[in-house]
Amino acid sequence: MKALLRNAAAVFVGLLVLFVLVTAVEVVTLALHPYPENFTHTMEEVCQHVERFPAWILGLAAGAWAISAYLSTWATRRMGSPYSAGVVGVLLLAALFGNLAMLPYPEWFKATAGIAVFVATAFAIFSRTNRSSPVVETALPCEQTPPA
């Protein structure tokens, strides 16, 4: 029961970390490429806005999404198990591919973001974590004197 609760908490924390980081990425990209005047947030206007994104902002976003994916999945893996990290990874990839399918991003961006996020997520899931790091004793025993 303890492991189940720890893994559920790990998934929650991982998704929370992901939400905060992706929101930060979106705020930065919106600051770099703001909405036009009289923007009413209709799907048509959002699609037009996405089509006008400069390539360098899209490249920045792909990298930031990959970093966000790695950190959130790594945090989940660190707290829970590879399975809980896998749950966050699957939810993350489903959200990413849903976003990429819904909006008119260029094909190069869809491929780059998809591959980068997938690789970052896989690295985090399969990374070796050590929850209880061994204590490294740095003090010398009382009988020994440091070398001169």
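What the table shows:
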item: Qualifying chymotrypsin sites (Phe, Trp or Tyr not before Pro) for segment 1-82 [loop in DSSP, other Cβ within 10 Å: at most 15]; result: PHE39
item: Gaussian network model of the chain, Cα within-10 Å springs - most flexible of ALA95, ALA116, ALA64; result: ALA95
item: Size of electric dipole in the chain: Cβ of Lys, Arg +1 and of Asp, Glu -1, about Cα centre, debye, nearest 20; result: 640
item: Mean separation of Cα contacts under 8 Å, 6 or more apart, over the residue count of segment 1-92: relative contact order %; result: 54
item: Positive-end extreme of charge dipole, segment 1-124 - chosen from SER72, ALA31, VAL50 (charges on Cβ); result: SER72
item: Given the chain, longest segment not containing exposed loop GluC sites (Glu not before Pro) (DSSP; at most 13 other Cβ within 10 Å); result: 38-136
item: Derived scalar couplings ³J(HN,Hα) [segment 55-62; Karplus, 6.51 cos²θ - 1.76 cosθ + 1.60; whole Hz; x for Gly, Pro]; result: 4, 5, 6, 5, x, 4, 5, 4
item: Distance histogram in 10 Å bins (all Cα pairs of the chain, percent per bin); result: 11, 33, 25, 15, 9, 5, 2, 1
item: Selection from PRO104, LEU93, MET1 lying farthest towards where the dipole of the chain points positive, charges on Cβ; result: MET1
item: Filtered trypsin sites (Lys or Arg not before Pro), segment 1-98: DSSP coil and at most 15 other beta carbons within 10 Å; result: ARG52
item: Rg/Rg_ref, segment 65-127, where Rg_ref = 2.2 N^0.38 Å and atoms are Cα; result: 1.10
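Read-outs: derived from the displayed coordinates by stated rules, not from any lab. Here the structure is a predicted model, which means the values were calculated and not measured. Counting neighbours? That spans all protein chains shown, and the Cβs are built from the backbone with ideal geometry, glycine included.
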